[in-house]
Amino acid sequence: HSAWDELMDKLYSPEEKRKLEWAIGSVVSGDSKKIQKCIVIYGKGGKGKSTVLNIIQDLFHGYDTTFRASDMGDRTKDFSMAAFNSFPLVAIDHDTDLSRINDNSRLNSIIAHEAIEINEKYKPAYAARSNAMLFMATNSGVLITDQNSGLIRRLIDVEPTGDLFASAHYESLMSRIKFEHGAIATHCLNVYKGMGATYYRDYAPVKMMFKTNVFYNFIEELNELQRRFPHAR
């Protein structure tokens, strides 16, 4: 999987690459159906978000679906859950906007693999349990304002480095990766097994919270000032 390594080592830092490989490995192992985590890749356009999501789609071809996460946060979108009617293992949103979430209950239920109501056109609604691991990409941060929303403990944020390849070399790597799928899946499975299913159990998306939660940012600034000037009043 040398092409995969070269691509990922430039587009993502070791820590961020490890998050993605852990998530992919959890799907390969089958444990993702029990793990209550989702992946959100955020950053400016053209920095490698869709690149890795396209590879993940190819890895799990036939067991994947696409969905609109922003629709799931809008109660007026009656058919937003229909994308999960085939019980996919991987659900991908290449370009979402979760900076203004009106209602995160359906998104939380999917991530937690709880029973959800699926409403399809011209069919009666029915309840089903989702097995999908969610992978989302966004140009803006995910709004995290309520500690009880569930997103804080379920979201794993991933940020690209912003480094890019020359176009010709990028296309060459992507062509080679098509022949590395089995090796990539095995590698990610080994990464996942080495880290364990509970590795990110207590993970908090602190960088994302800094970007979207003004109150959290304010408190952290006060704490930093207190650390720097412990005797100030």
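Once you have the Cα-Cα distance between T76 and Y126, take 0.36 nm times their residue separation minus that, and quote the gain in nm to one decimal.
16.2 nm
What number comes out for the charge environment of K49, summing +1 per Lys or Arg and -1 per Asp or Glu over other residues with Cβ under 10 Å away?
Details: positive: K44, K47; negative: D95, E159.
Here the charged neighbours net out to 0.
Out of the total accessible area of segment 12-55 (probe 1.4 Å, heavy atoms of protein only), what percent is carbon and sulfur? Please report the intermediate quantities before stating the final value.
Numbers: 660 of 1430 Å².
Accessible surface attributable to carbon and sulfur in segment 12-55 totals 46 percent.
Grab the beta carbon distance between Q36 and L164, set R0 = 35 Å, and tell me the FRET efficiency rounded to 0.05.
Numbers: r = 33 Å, r/R0 = 0.96.
Efficiency, from the Cβ-Cβ distance: 0.55.
The values are calculated or read from the model by the stated rules, or taken from the named source; none is laboratory data. Note that the structure is predicted; figures quoted are calculated from it, not measured. Cβ: placed from backbone, ideal geometry, glycine included. Neighbour counts: every protein chain shown. Accessible surface is based on the protein model in full, side chains and every heavy atom, while ligands, DNA and RNA are left aside. Shrake-Rupley method; radii C 1.70, N 1.55, O 1.52, S 1.80 Å.
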